[in-house]
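Laboratory data are not the source of any read-out in this text; all were calculated from the coordinates shown. All values reported here derive from a predicted model rather than from experimental measurement. As a convention, Cβ positions derive from the backbone with ideal geometry for all residues, glycine included, and neighbour counts pool all protein chains shown.
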Amino acid sequence: MSSGFYVAWWNLENLFDEENAPVARRPEKVDRAIGRDIEGWTPQLRDRKIAQLASVIAQMNNGAGPDLLGVCEVENRFVLDLLAATVTAIVPGRSYRVVHADTDDERGIDVAFLYDPTRLTVPAADAVFFHVVMRRNATREIVQVNFTTNPAGRTWAVFGNHWPSRSGGQAESEGYRDIAGETLAYFHERVLEVHGPDTPILAMGDFNDEPFNTSLVTHALSTRQRQKVINAHTVPRLWNLMWPPAGVPEGTFYFDNEPNVLDQFLVNKNMAVQDAAIAIKPDTVKVLIFDGMSTGAYHIPRLFGGMGKRVDEDGYSDHFPIGVEVTEDD
């Protein structure tokens with residue numbers, strides 16, 4: 001017999017705390033960095049955005065909500081706790097917890113996880129790691145959480161990623177994402193060394209590159225070929241599950257009305273083999289677009305706005321979420 005997990009990822013687009021958040025929630029360095037962009041961002045607008053995001057999360061997994069949700073572009077633990085509480089209030093049988101720590105990103109935006117503690121456990125402080133991506137200007141760390149599955153008690157290493165953006169130009173900034181890819185590949189290998197060669201690994205995130213870009217293929221060692229991942233013996237590879245969606249009309253992010261698949265799921269050999277104890281179901285990967293989430297002739301994401309952009313209180317984010325099913329042998 002087997003049980004399952006529903007996993008999702010979503011770039012929440014500038015989920016910031018209110019304009020006049022206390023220093024305990026927004027350090028002065030971050031306050032200076034975001035400057036006037038935060039002006040007019042009231043508690044009411046913050047809470048409305050959270051309600052909009054929560055309404056989408058609650059529709060995931062056929063209305064049961066995700067077992068594990070990775071997010072990025074969140075400012076602090078306070079807004080994450082508000083989001084977790086809001087989702088918990090509208091999804092029966094769920095009580096979400098948060099894995100988060102402030103990172104060194106110059107705008108103060110972080111990567112985090114919401115998870116259901118009845119399905120997954122974070123055993124101890126040393127089960128969470130924040131891996132620095134080296135670049136001249138601070139950027140988001142790669143967040144690694146060594147979850148324990150319930151009730152089977154298996155270690156499942158999950159990486160949350162929000163790689164350096166394409167601001168300044170895709171080509172001009174690609175070296176930073178190459179470094180992020182190398183960082184992910186290094187810690188993929190370290191997990192196998194520390195926890196054993198059979199450890200299942202899932203990497204998800206907004207990689208700010210498409211599945212075929214150098215940062216993912218050459219540096220993170222990901223591929224569209226499942227068998228190449230299974231056959232890798234000396235250097236472990238990752239199977240990128242978002243290659244098929246890269247060939248269909250829907251993207252997860254749109255630039256100039258052109259779809260880009262920047263948000264992705266990648267798994268290692270131990271989730272790709274047919275008899276995996278924790279196995280990915282590749283045919284369940286979807287870009288999640290529920291009613292009201294898109295707008296315009298090209299069905300681009302409907303932004304909530306703020307941070308210097310026009311606010312649409314019926315909007316959500318500039319990215320669509322993605323979801324996938326995972327099975328585990330009992």
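Taking neighbour counts of Cβ atoms within 10 Å as a proxy for exposure, in what order, fewest first, do Ser173, Ser222, Ser167, Ser317 appear? Working shown, then result.
Details: Ser173 18, Ser222 32, Ser167 9, Ser317 24.
Ordered by Cβ neighbours within 10 Å, fewest first: Ser167, Ser173, Ser317, Ser222.
Counting only alpha carbon atoms, the long axis of helix 43-57 and the longest principal axis of the chain meet at about 30°. Using the Cβ-Cβ distance between Val248 and Thr121 with R0 set to 30 Å, the FRET efficiency from 1/(1 + (r/R0)^6) comes to roughly 0.25.
Would you calculate, for the chain, the mean residue ellipticity at 222 nm contributed by helices, counting each DSSP H stretch of 4 or more residues as -39,500 (n - 2.57) and dividing by all residues, to the nearest 500?
It comes out at -7000 deg cm²/dmol, rounded to the nearest 500.
Give me the percent of DSSP beta bridges within the chain that run antiparallel, rounded to the nearest 5.
Working: 50 of 64 bridges.
Here the share of antiparallel DSSP bridges comes out near 80 percent.
Given a Förster distance of 30 Å, report the FRET efficiency between Gln225 and Asp198 from their Cβ-Cβ distance, rounded to the nearest 0.05. Don't skip to the end; give the middle numbers.
Details: r = 21 Å, r/R0 = 0.70.
In this case the efficiency is close to 0.90.
Centre-to-centre separation between the Cα atoms of region 262-330 and those of region 90-112: 17 Å.
Between the alpha-carbon centers of region 6-36 and region 39-74, tell me the distance in whole angstrom. First find each Cα centre; the distance between them is then 14 Å. Our coupling estimate for region 249-263, obtained by passing each phi through the Karplus curve with A = 6.51, B = -1.76, C = 1.60 and θ = phi - 60°, is x, 6, x, 9, 8, 10, 10, 6, 6, 9, x, 10, 9, 8, 9 Hz, Gly and Pro reported as x. Entry note, region 171-271: relative contact order of 33 percent, from Cα contacts under 8 Å with a spacing of 6+ residues. The simple spin-label model puts a point 7 Å past each Cα toward its Cβ; for Arg32 and Glu189 those points are separated by 3.9 nm.
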